[in-house]
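Here the structure comes first, spelled out in structure tokens, and everything after it is commentary.
Nothing in this text is a laboratory measurement; each read-out follows from the coordinates by a stated rule. What you see is a predicted model; the values in this text were computed from it and never measured. Quick reminder, even Gly has a Cβ in these numbers, built from the backbone with ideal geometry, and neighbours come from all protein chains shown.
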Amino acid sequence: MKNPLKKIVNRYKKNIFVADSEKGFLNKLQHPQITEKVKNEDLYIRKWSGLGLDVNPVYYRVYCNHSPGNDINLVPLDIYFMVILKRLNNYNVSQLYADKNLYEKRMRSNLFPKTFLRNINGTFYSAGYDLFKPDPFFFKRLSTEAKQLIVKPSIHSGGGVNLKKFEWNGDSYVDENSKSLNTDYLEEHYQKDYLVQEVIAQHPYMQRLNPSSVNTMRVLTYRSVKNEMIKILGTYLRVGTHNSLVDNISTGGYLIHYNQKGEHDMYAVLNMDGTTDTINGVCISDMGIYPEYDKVISCAKKIASLFPYQRMLGLDMVVDQKNQVKLIEVNTYKIGPFAFSGYPVFGEYTDEIIHYCREKAGKKGEW
């Protein structure tokens, strides 16, 4: 029998998470508390019941009022993060799989931006994982290979946190505050676990939308619980706002959905301001089909097959100026479902995932 005290503690943690999740959801969408019942709400509650949490209708009410769609397959965010992702993905290994410094240990190196320096647990390594201590002239020599550099954490880097861009000014690499890049700077601002990489020259399709950020295609993959085949749940282009270094919608960027042919919707979603038909002054209707879309999808499926402990991944990918697909990040947990886009994250696989989560939890007696 499950420890009664542990069960009480778990229920308390769930209640806190649910309350925080709802509050954050409403605040992010600048939406007031919604009390009026909407059409199909009973069906929505019935569909998502039995997963260990009470179904909070506020999510569906906001979806119906804020999103372009009102599909009952739009998952409640608390159930998505607290229950489903933890059933689909093994959180015990998620952090390890999310370490950018270890990507090239498991995948071919030409998938990634070129790395010049690594720091793993406080120790410096070369791109090829040899022990390496940068001398005072390391970055000056590096200037012959790259005029711009990106420094980013290798773990705990969601949302572009602590991502820095440096440009060579003839004497040193400097950031937007004219601070020079050297080992002292790295020690002060990053301490450990980070990478120094090239700045990707992205395809003109993305460059036109916003040149200051690498505008990635988020590809959501799912390894079916029925047949272990890799499926594509959805693809969403993320574009940074003017002069932003990151493309996250949470920092004011844009999100636009693409169908299985690489064709985009006629609108983009903003985190707090609904939808728009332009992105940084570019008319969405003039954008055209995403370049090398089939190549991106094929690459995403191959990558997903290398992560047996994770049934769902959020891959951030981009096509460069040479039409080559590059992988920027593998999200293995806390993967945003982009519900505000109006598209159910699990789509046609919603029912099989719900059944799987109920069955798996029932066997463990965790509810």
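Each peptide in 258-266, 202-210 receives the mean, over its residues, of other Cβ atoms within 10 Å, and ordering these scores from highest gives 202-210, 258-266. Based on the Cβ-Cβ distance from Lys360 to Lys37, what FRET efficiency comes out when R0 is 41 Å, to the nearest 0.05? So the FRET efficiency works out to roughly 0.85. Between rounded, prolate and oblate, where does the range 114-198 land on the alpha carbon gyration tensor, with a ≥ b ≥ c its root eigenvalues, rounded for a/c under 1.5, else prolate if a/b exceeds b/c? Oblate, because a/c is 1.5 or more while a/b does not exceed b/c. Rounded to the nearest 20, the Cβ-based charge dipole of the range 315-360 about its Cα centre (Lys and Arg +1, Asp and Glu -1) stands at 160 debye. In the structure shown, the pairs Lys39/Lys334; Lys100/Lys140; Lys152/Lys179; Lys86/Lys301; Lys105/Lys152; Lys133/Lys334 are assessed against 23 Å; a Cα-Cα span above that value is assigned to Lys39/Lys334; Lys100/Lys140; Lys133/Lys334.
Charged neighbours of Gln324, selected by a Cβ distance under 15 Å, balance to +2 (K, R count +1; D, E count -1).
How many angstrom separate the Cα center of the range 292-367 from the Cα center of the range 175-220? Between the Cα centre of the range 292-367 and that of the range 175-220, the gap is 24 Å.
The Phe137 and Lys86 beta-carbon pair, evaluated with R₀ = 56 Å, returns a calculated FRET efficiency of approximately 0.70. For the range 230-367, the Cβ-based charge dipole about the Cα centre amounts to some 680 debye (Lys, Arg positive; Asp, Glu negative; other atoms uncharged).
Sorting the segments 216-229, 74-87 by their mean number of nearby beta carbons within 10 angstrom, highest to lowest, gives 74-87, 216-229.
Protection proxy ranking, highest mean first, for peptides 321-327, 175-181, 233-239: 233-239, 321-327, 175-181, where packing is the per-residue count of other beta-carbon atoms within 10 Å, averaged.
Once the chain from Lys147 to Asn177 is taken as fully extended at 0.36 nm per residue, the excess over their C-alpha distance is 9.1 nm. Our estimate of slack between Met229 and Val93, defined as 0.36 nm per intervening residue step minus the Cα-Cα distance, is 46.8 nm.
Note on the chain: dipole from Cβ charges, positive end direction compared against Asn70, Val214, Leu43; the farthest Cα belongs to Leu43. For the chain, the dipole from Cβ point charges (+1 on Lys and Arg, -1 on Asp and Glu) about the Cα centre works out to 1460 debye, to the nearest 20. Between Ile45 and Ser250, the FRET efficiency from the beta-carbon distance, with R0 = 35 Å, is close to 0.80. Just to confirm a number: summing +1 for Lys and Arg and -1 for Asp and Glu over residues other than Gln260 whose beta-carbon lies under 12 angstrom from that of Gln260, what do you get? Summing Lys/Arg as +1 and Asp/Glu as -1 gives -1.
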